[in-house]
Every structure is written in structure tokens, then in C-alpha cells.
Amino acid sequence: MIHDLTFANPELLFLMVLIIPAVAWYVLKHRSSEASVQVSQTNGIKQAGNSYKYYLRHVLFGLRMLAIALLIVALARPQSTRSWKDVTTRGIDIVLALDISSSMLARDFNPNRLEASKDIAIDFISGRPNDRMGLVVFSGESFTQCPLTTDHSVLINLFKDIESGMVEDGTAIGMGLATSVNRLKDSEAQSKVVLLLTDRVNKLRSIAPATAAEIAKTFDIRVYTIGVGSQGTAPYPVNTPYGMQYRNMKVEIDEAGLQQIANETNGKYFRATDNQKLQNIYQEIDRLEKSRIEVKQYSEKQEEFLWFTLIAGILLVIDLLMRITVLRTIP
């Protein structure tokens, strides 16, 4: 069943007025072409009546006019909403907030926490082509590496350029989250999400993580927090008189604080202890966000001009066949 028939070029429907002079011309021509004869009486003529060919000529003219009308409709490109599809609405804005402090160079991940986080995040970005995404990095301070965009190739290239040491060292989780919230607060997306990944305890008090979480909640932004680091100890990079060396040091992640941020914003906290677990976490977040957006129906416009063109063509073929057969005139 066709619903809501519309036209892509409705102005062409005004060509229908050309049919009016064509009909007027046909009527005038038909009247002027009738022959008159003198007879003594008309009884015999009345009884004979008009043959079927007389009426058939008028019917064929009507078919020609109908065919022209259908061709005009086809030129106006009629479109229907016959087709319906179920799709997931494209209403998700995501900011990835990544810790780039020197501790992210620890080698309990392969090759280290930072490179593993970058590679897995890039896979996550590639798997969500319809979402707007942005990137915030933080260490001793935070900044936006890439604003929200659908150009994921640009985002991925900027991801690859991330290195530890780009900003002053430290762990400003609250600033990283606050910068991410600032990027999302004016978004009109149906779902606004921050994926915050860190491997340490917040060590700067400029903006407390709990305060940033409250701000995120105010703007209806959901935060997924990810603590990165193995259990126990891990080989951390340490500057020594002999250069950079790795020493096993205790892994300290503020799991209680990250859990609080997630709970405050209706998100979820995850702990990644190796590459595979981190990849599984991103896959779970991917599923969670897809399930949060309701599946809605939208109508897809479908071109309908073909049927009008076919019917017009059939009428013109009928007209041609009748004129060269039943209504054929002898020159």
C-alpha cells in the first residue's frame, strides 16, 4: 500500500493545463469535419445509428490525453513511503578521554598501556561509523586533541599522533573529564557518552573527579570509566642517571573513585589487566550503547514514476495498434 505520495518536481504538474487546449482543439475539429447531406427523410439513418468506430475514435483520443497526463506525472517524479526499514537511530556523541601520563608507558600491556589503548580505541572508532566522536587527552593538564566529528579518518590519524609527554606529566582525571563534558554539553544527540581511561590515582586538585562527575550528570552525560593496569606490580619507566629504565612498581588505580564517577552518571566501571580484557571492555561498551538507543522506524522514499511511464506507454501502444488496424484509413 502506498502512503503519502509526494512529488520531487511538483511544479511540472502545471503542464497539465496543456491538455485543456488540446481537448478544445479536438472538439472544434470534430465538429467542423462532420459532413452534411440532403435526404428526403432521416428515419433510415436514425435506425442505423453510429458504428462502434465512431465512438472508438473518441475513446482513443481520451487514452492519448490520459497517457500525456501520466507522462507529466512521471516527469514530476512521484515518490511514496511504501518501504519501511528498522534502523538504529544515529544519535550518539562519544568523547574518548585518554590518560597520556608517563605511567601509561608501563609494559604490563603489549607493547605498553598507551599503545595498546590507542590500537583498541581505533578499532572501536572504526566499528561505529555513524557516531560523532572526539578525543581529549590529559596528564598534568587536559586539552582537546580532536573535537566531535564524523570524519573518523581524521580522528584516527590524531589518535596515532598521541605520545606521552605532550603535556606536563601528572594525572588530572577531573580536568580530563571536565574537558570532555565541555565538548558534549551543547550536543543535541540522544545519547552523550565519555569513555575515560586512566591507570593512576588523581593527583591534581584543580578539578576534583567527583565534581566533574556531577557536572556530567547535570548535562545527562554518561561516563564509562576504565582502569588500566595489571594486578600487583608492573614494569614502569623510571628516569635514572643511566637513562630510562623499567622497574617493577605497585599498580595504583583509584578504582573507588572511578566507580563513583560511573555510578554518578549512570555509566559503568571496568578494569582491564591486559590487552584482551581491554578489547573485551570496548566491545561490551559498544553493545551497551547500541542497546540504549531504541530501534525506530523511518520511511524510505521510493520512486514511483516507472509505473506511470509504463501505463502511459501501454496506452500509446494501444492507440497506435488501433489506428493501424481497426481504425485504419485508406489514403
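The values are calculated or read from the model by the stated rules, or taken from the named source; none is laboratory data. Since the structure is predicted, the reported quantities are computational estimates derived from the model, not experimental observations. Glycine gets a Cβ as well: all are built from the backbone with ideal geometry, and neighbour counts include every protein chain shown.
Only one of the numbered conditions (1) within 29 Å of the chain's Cα centre (by Cα); (2) of a type outside the set (S, T, N, Q); (3) at pLDDT below 95 is violated by Asp220, and that is (3). I'd like to check something: does the range 23-36 contain any residue that is over 30 Å from Val223 (Cα atoms), surrounded by 12 or more Cβ atoms within 10 Å (Cβ to Cβ) and at pLDDT 85 or above? So far as the range 23-36 goes, yes, one or more of its residues are over 30 Å from Val223 (Cα atoms), surrounded by 12 or more Cβ atoms within 10 Å (Cβ to Cβ) and at pLDDT 85 or above. Of all residues in the range 252-279, those satisfying the criterion of being closer than 21 Å to Pro209 by Cβ and not in a helix (DSSP H, G or I) are Glu252, Ile253, Asp254, Thr265, Asn266, Gly267, Lys268, Tyr269, Phe270, Arg271, Ala272. Tell me yes or no: at least one residue of the range 160-168 is without any contact (Cβ under 8 Å) to a residue 40 or more places away in the chain, farther than 21 Å from Ile207 by Cα and surrounded by fewer than 22 Cβ atoms within 10 Å (Cβ to Cβ). Yes; the residues of the range 160-168 include at least one that is without any contact (Cβ under 8 Å) to a residue 40 or more places away in the chain, farther than 21 Å from Ile207 by Cα and surrounded by fewer than 22 Cβ atoms within 10 Å (Cβ to Cβ).
From the set of residues in the range 183-222 that are hydroxyl-bearing (Ser, Thr, Tyr) and surrounded by fewer than 17 Cβ atoms within 10 Å (Cβ to Cβ), which is nearest to Asp286 (Cα to Cα)? Steps first, please.
So in the range 183-222, the residues hydroxyl-bearing (Ser, Thr, Tyr) come out as 187, 191, 198, 206, 211, 218.
From what's left, surrounded by fewer than 17 Cβ atoms within 10 Å (Cβ to Cβ): 206, 211, 218.
Numbers: Ser206: 32, Thr211: 26, Thr218: 24 Å.
Restricting to residues being hydroxyl-bearing (Ser, Thr, Tyr) and surrounded by fewer than 17 Cβ atoms within 10 Å (Cβ to Cβ), the top hit is Thr218.
Filter the range 214-251 for residues that are part of a strand (DSSP E or B) and hydroxyl-bearing (Ser, Thr, Tyr); which is farthest from Glu289 (Cα to Cα)? By that ranking, first place goes to Thr240.
Kindly evaluate Ser142 against the criterion of being surrounded by fewer than 24 Cβ atoms within 10 Å (Cβ to Cβ) and touching a residue at least 24 places away in the same chain (Cβ under 8 Å).
Working: surrounded by fewer than 24 Cβ atoms within 10 Å (Cβ to Cβ): no; touching a residue at least 24 places away in the same chain (Cβ under 8 Å): yes.
No: the conditions fail for Ser142.
If only residues of the range 224-239 that are in contact with a Lys or Arg (Cβ under 9 Å, 6 or more places away or on another chain) and free of Cβ contacts under 8 Å to residues at least 24 places away in the same chain are counted, the one that is surrounded by the fewest Cβ atoms within 10 Å (Cβ to Cβ) is Gly232.
The set of residues in the range 57-77 that are over 34 Å from the mean Cα position of the chain (by Cα) and of a type in the set (D, E, K, R) comprises Arg57, Arg64.
Among the residues of the range 232-249, are any small (Gly, Ala, Ser) and within 21 Å of Gly140 (Cα to Cα)?
There is no residue in the range 232-249 that is small (Gly, Ala, Ser) and within 21 Å of Gly140 (Cα to Cα).
Given the condition out of contact with any Leu (no Cβ under 8 Å at 6 or more places or on another chain) and among the aliphatic types (A, V, I, L, M), answer yes or no: does some residue in the range 171-186 qualify? Checked against the condition, which is being out of contact with any Leu (no Cβ under 8 Å at 6 or more places or on another chain) and among the aliphatic types (A, V, I, L, M), the range 171-186 yields at least one hit.
Yes or no: Ser180 surrounded by 17 or more Cβ atoms within 10 Å (Cβ to Cβ), touching a helix residue (DSSP H, G or I) at 6+ places or on another chain (Cβ under 9 Å) and at pLDDT below 95? When the stated conditions are applied, Ser180 does not pass them.
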